[in-house]
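Heads up: the structure comes next, in structure tokens.
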Amino acid sequence: MADALKIGIAGLGTVGASLVRILQQRGNELAVACGRGITITAVSARDRTRDRGVDLSGVTWFDDPVDMAAGADIDVFVELMGGAEGAADKSVRAALARGVHVVTANKALLARHGVELAKTAEEKGALLNYEAAVAGGIPVIKTMRESLTGNTFSRVYGIMNGTCNYILTRMEKEGLSFEACLKEAQRLGYAEADPTFDIEGNDTAHKLAILTTLAFGNKIAADDIYLEGISNISIDDIHAAADLGYRIKLLGVAQKTETGIEQRVHPTMVPYDSVIAQVDGVTNAVAIESDILGELLMVGPGAGGNATASAVLGDITDIAKSRPGAQRVPAFGRPAHLLETYRQAEMQSHEGGYFIRLAVQDRTGVFASIASKMAENGISLESIMQRSKKQHAEGEPQTIILVTHATMEASVRKAVASIKTEGYLVGEPQVIRIERPKTV
């Protein structure tokens with residue numbers, strides 16, 4: 001049997017502690033599966049005295065993860081600290097600079113510096129593995145990078161943030177407000193004290209940028225994603241979607257068009273009978289569309305200690321099974337120097353159409369005015385209806401719901417802006433894209 005693979009782990013939070021536990025409990029099984037043992041020889045964490053429920057005796061401690069990456073006797077540096085800059089960035093660079101393999105769960109780091117890190121890894125003959133950075137325990141990175149080699153991808157999309165999916169699920173199933181569901185998510189640990197990164201779509205955007213590069217061979221372009229979160233989704237939107245046969249999900253969508261690549265993150269209405277509409281709670285789902293395979297939907301735990309540790313462990317065992325001199329799989333499926341400059345797609349007609357909710361004053365001529373503004377902007381309406389409360393006071397605002405056929409987003413925004421000038425709107429209008437997946 002080959003010499004044991006020596007690993008150093010930077011970050012001993014929920015994921016790091018779970019990884020240590022699994023490695024210690026299943027060491028013999030892993031040695032048989034990989035043809036060599038896997039040994040933890042070094043760790044780095046902020047607090048040495050904290051009880052993490054694992055035995056770390058005999059392991060070398062480093063207060064500074066950069067020192068561990070640069071000087072510890074390790075074959076693999078496992079980065080579980082998070083953050084695009086600071087210790088995570090410096091330590092990963094230090095490890096790769098001396099040819100040490102890197103395994104990371106850090107989507108922010110990859111979204112910001114992924115291409116540069118991939119170049120260094122290739123130059124030094126090291127592997128850069130990051131299965132846990134996207135969709136938790138779902139093996140989407142390995143699937144796209146290795147299993148689907150030869151396929152030409154046309155679209156990748158999915159539910160990639162468990163916090164948002166949990167909130168939208170609770171709103172629908174229990175009729176709770178966004179604010180109430182967010183508080184509950186924070187209590188249960190699904191949302192941070194400052195949930196902005198999750199609920200405004202940034203987390204999903206980082207993951208989408210990575211998948212886009214894997215799918216289309218472009219340099220990561222996390223700053224070129226249309227971004228809209230779920231904080232403006234109301235219980236009225238949830239109810240209206242249900243009445244129309246849809247559920248609201250926060251989707252990240254990337255697709256290739258004749259003019260470039262389109263990347264967007266936003267609340268989306270999906271048909272209730274589609275598979276992706278049934279993905280509830282903190283579960284994630286990623287759909288891949290390609291020419292040979294067709295359509296593939298992968299569903300599973302998107303976060304949590306064991307789910308993320310499982311993905312990290314998969315990356316480590318891949319390295320343990322590899323042998324010196326073997327061909328290395330490039331981090332993004334092709335050599336970093338062959339990644340193309342990102343070319344943003346021109347605005348195109350959105351085939352799924354749009355849902356538009358307007359709160360208006362209850363007065364004569366409003367329906368006709370709204371229909372006229374839509375027509376002036378070349379928007380064809382699939383339906384227009386008024387939602388009234390069973391009992392409402394005279395003069396109380398009424399809700400009008402419009403569903404459009406395929407149209408340009410710019411046209412929709414222009415029409416809504418024009419309606420705003422008429423003086424009968426109450427509050428801000430709501431505009432949500434509708435996706436109609438082929439089979440998923």
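Please treat every number below as a calculation from the coordinates, not as lab data. Keep in mind the model is a prediction, meaning the values are calculated, not measured. Methodologically, a virtual Cβ is constructed for each residue, glycine included, from the backbone with ideal geometry; neighbour enumeration extends over all protein chains shown.
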Among 418-429, 200-211, 90-101, how do they line up from the highest to the lowest mean number of other beta-carbon atoms within 10 Å? 200-211, 90-101, 418-429
How do 272-280, 124-132 rank on mean C-beta neighbours within 10 Å, highest first? 124-132, 272-280
Which three lengths, in whole Å and largest first, does the stretch 116-217 cover when its Cα atoms are put on their principal axes? 51, 28, 20
FRET efficiency estimate (nearest 0.05) - Cβ-Cβ, Met298 to Asp243, R0 35 angstrom: 0.70
Over the stretch 354-434, calculate the relative contact order: mean separation of alpha carbon pairs under 8 Å at least 6 apart, over the residue count, as a percent. 51 percent
Which FRET efficiency value, to the nearest 0.05, do you get for Ala180 and Ala368 by plugging their Cβ-Cβ distance into 1/(1 + (r/R0)^6) with R0 = 35 Å? 0.40
Between Gln25 and Asp64, what length in nm is gained on full extension when 0.36 nm per residue of separation is reduced by their alpha carbon distance? 11.3 nm
Vicinal HN-Hα couplings computed from phi for the stretch 279-288 (Karplus, 6.51 cos²θ - 1.76 cosθ + 1.60; Hz; Gly/Pro x): 7, 10, x, 8, 5, 10, 8, 10, 9, 10
Phi-derived 3J(HN,Hα) across the stretch 137-145 with the Karplus relation (6.51, -1.76, 1.60, θ = phi - 60°), rounded Hz, x for Gly and Pro, is x, 6, x, 6, 5, 4, 4, 6, 7
Between helix 202-216 and the chain: long-axis angle, C-alpha atoms, 0 to 90°, nearest 10: 70 degrees
log₁₀ I(q)/I(0) of the stretch 188-275 at q = 0.20, 0.21, 0.23 Å⁻¹, via Debye over equal Cα point scatterers, no solvent, to two decimals? -0.99, -1.04, -1.10
So what does log10 I(q)/I(0) come out to for the chain at q = 0.10, 0.11 Å⁻¹, using the Debye formula with one equal point on every Cα and no solvent? -0.74, -0.87
Just to check I understand the Karplus step: with θ = phi - 60° and J = 6.51 cos²θ - 1.76 cosθ + 1.60, what whole-Hz values come out for the stretch 361-370, glycine and proline as x? 5, 7, 8, 5, x, 5, 4, 5, 5, 5
Just tell me which lysines come within less than 30 Å, Cα to Cα, of Lys142; anything on the same chain fewer than 8 places away is out. Lys6, Lys90, Lys107, Lys119, Lys124, Lys207, Lys219, Lys249, Lys256, Lys321, Lys438
With the dipole of the chain worked out from charges on the C-beta (+1 for Lys and Arg, -1 for Asp and Glu) around the Cα centre, which of Met81, Gly162, Ser372 lies farthest toward the positive end? Met81
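Let me know the number of lysine pairs in the stretch 354-434 closer than 26 Å at the Cα, not counting same-chain pairs under 8 apart.
Counting lysine pairs in the stretch 354-434 gives 4.
Sorted by mean Cβ packing within 10 Å, highest first, what order do the peptides 76-85, 229-238 take? Mind dumping the intermediate values first?
Numbers: 76-85: 21.5, 229-238: 18.5.
Top of the packing list down: 76-85, 229-238.
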Between Asp236 and Lys90, Cβ-based FRET efficiency (R0 45 Å, step 0.05) works out to 0.40
